[in-house]
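The block underneath contains the structure these notes are about, expressed in structure tokens.
Derivation of every value follows stated rules applied to the coordinates shown; laboratory data play no part. Worth saying up front: this structure is predicted, and the values here are computed from it rather than measured. Reconstructed Cβ throughout: ideal geometry from the backbone, glycine too, with neighbour counts over all protein chains shown.
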Amino acid sequence: MKALILPAALVLALGALPAASQVLGPPRDPAEVQSSQGFASQPLDTLRSLGLTPLGEIERKREHLEVEARAQDGRRLWVSFDLTGRLWEIEDANHSKDHVAEWRPLAAEALQQAVSRAGFTFQGLLEEKKHHVVVRARARDGANMALHIDRNGYIYKQVWLRGWL
């Protein structure tokens, strides 16, 4: 049997390749791996901490996890998590931004008041759409949020903005 002889340049190039587990970055901390693998219980803990009761099983969608929940005041909500189990958005399941009782323009002062009443700090208008507006706000815990507000001033959806300054 002949020995395989590789040119020196190829040996050097192969030696420069990272190990397969490190191709996308350094190895993960074992504690981080353990916490991210238990995503099924983390969303349930988050729901409980928010005072929400799940109304079914957590469903895996293509790019997120989703569950219907009931708030303490009886409202039905759709709660979404990213695939690592972090809270992503909460939306009123019964609300239709297209069918509000009264359509009216929202002045900047009215938006700021609606945001403040809900316990957020108004950061500015992100987008104005036909049936609602999207504003940037900061939660009490410092999280950056996008709040969707219908033309009556009702905040029907909140989205966590991660990676924004």
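In table form, for the structure just shown:
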{"quantity": "Among (1) exposed (fewer than 14 other Cβ atoms within 10 Å of the Cβ); (2) closer than 26 Å to Asn144 by Cβ, the one test that Gly56 misses", "calculated": "(2)"}
{"quantity": "Lone unmet requirement of (1) in contact (Cβ under 8 Å) with a residue 12 or more places away in the chain; (2) closer than 17 Å to Pro43 by Cβ for Glu57", "calculated": "(1)"}
{"quantity": "The listed residue being among the basic types (Lys, Arg), buried (at least 19 other Cβ atoms within 10 Å of the Cβ), in contact (Cβ under 8 Å) with a residue 12 or more places away in the chain and in contact with a strand residue (DSSP E or B) (Cβ under 8 Å, 6 or more places away or on another chain), out of Arg136, Arg76", "calculated": "Arg136"}
{"quantity": "Meets criteria (outside any loop (DSSP other than H, G, I, E, B) and either closer than 24 Å to Ala93 by Cβ or out of contact with any His (no Cβ under 8 Å at 6 or more places or on another chain) (or both)) for Arg140", "calculated": "no"}
